Amino acid sequence: MKLVIDCFKLVKGTGKSIGIYNLTKNLVWNLAKSKNKKDKIVILGTKYNQEDFDIPGVKFVAVKYNPKNKLVCIFWELYLVNVALKRLKADAVLFPRGFAPMKKICPEYVIIHDMIPFYYHENYPGVLNRVENFYIMWRLKASAKNCDIVLTDSEASKQEIAKIAEVNPWKIEVVYPGCNKIAKISPESSAFEKKDEYISAITSALPHKNAEGVL
């Protein structure tokens, strides 16, 4: 089987897809190590992510379009990705960012972590670009409806996707996130030196991250 993974729009360190970038990178590396010899993995990427995705065990195809151009990205995910899939004769395709093209030409797997844009539309009007948020909501809903399998990382997200996108829960698979090994810190290390009591929270200023609640 030839599985194509669409990484065109994943640009390290930009936009709101940092977590999706890291998840996809780890997914590709682990799939490359564990895949059957008869299976083939093809990555649709760009010069901006070739360093992380052009690895042993996969075929990296560098797309010439610019992923930093929003208009180009829209045309890519709606139509142009299908041109690449036909050329590569893909047996299946994985979309890590949750957006599938308008027309399905092979079995599609879509990763949708949550339906946050719909909550912004209802609860935080004006925080995000209104046109962009409507576009994202439309594409998430359409992609969930038209794809073969939706992959998400919690039962709560599964229920939200089924309700908001109006799709049968049977086509939504829950795959819990893994984690990488981290270096162990010795109790004698200066990192354990306690000077003051404090809470460390790594987040952004976006309201759904609830930094105010942490404070």
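The values are calculated or read from the model by the stated rules, or taken from the named source; none is laboratory data. Only a predicted model underlies this, so the values are computations on that prediction, with no experimental measurement involved. These accessible areas exclude ligands, DNA and RNA; they are computed on the full protein's heavy atoms, side chains included. Shrake-Rupley method; radii C 1.70, N 1.55, O 1.52, S 1.80 Å.
Ordered from largest to smallest accessible area (heavy atoms of protein chains, 1.4 Å probe), the residues Leu10, Leu128 come out as Leu128, Leu10. Compared with the alpha-carbon gap, the fully stretched path from Lys35 to Asn180 is longer by 50.3 nm at 0.36 nm per residue.
Exposure check, 1.4 Å probe, all protein chains in place: Ile182 carries approximately 150 Å² of accessible surface. Evaluated over the Cα positions of the range 78-128, the convex hull gives a direction-averaged projected area, one quarter of its surface, of 4.3 nm². The listed residues Lys9, Lys64, Lys86, Lys209 rank as Lys64, Lys86, Lys209, Lys9 when sorted by accessible area, largest first, using a 1.4 Å probe. Assuming a ≥ b ≥ c are the square roots of the Cα gyration tensor eigenvalues, decide whether the chain counts as rounded (a/c under 1.5), prolate (otherwise, with a/b larger than b/c) or oblate. Verdict is oblate for the chain. The value for the range 32-86 of Rg(Cα) / (2.2 N^0.38 Å) is 1.27. Surface calculation, 1.4 Å probe, protein heavy atoms: Arg139 sits at approximately 10 Å² accessible.
Per-residue ellipticity at 222 nm, computed for the chain from helices alone with -39500 (n - 2.57) per DSSP H run of at least four residues, works out to -10000 deg cm²/dmol. Could you name the aspartates and glutamates in cross-link range of Lys70, using Cα to Cα under 13 Å and dropping any fewer than eight places away on the same chain? Within reach: Glu132.
Quick one: of Lys40/Lys158; Lys59/Lys181; Lys25/Lys47; Lys145/Lys171; Lys2/Lys141, which pairs are farther than 21 Å apart, Cα to Cα? Cα-Cα > 21 Å for Lys40/Lys158; Lys59/Lys181; Lys2/Lys141; rest within. Legend: residues Lys38, Lys12, Lys171, sorted from most to least accessible area (1.4 Å probe; ligands, DNA and RNA excluded), read Lys38, Lys12, Lys171.
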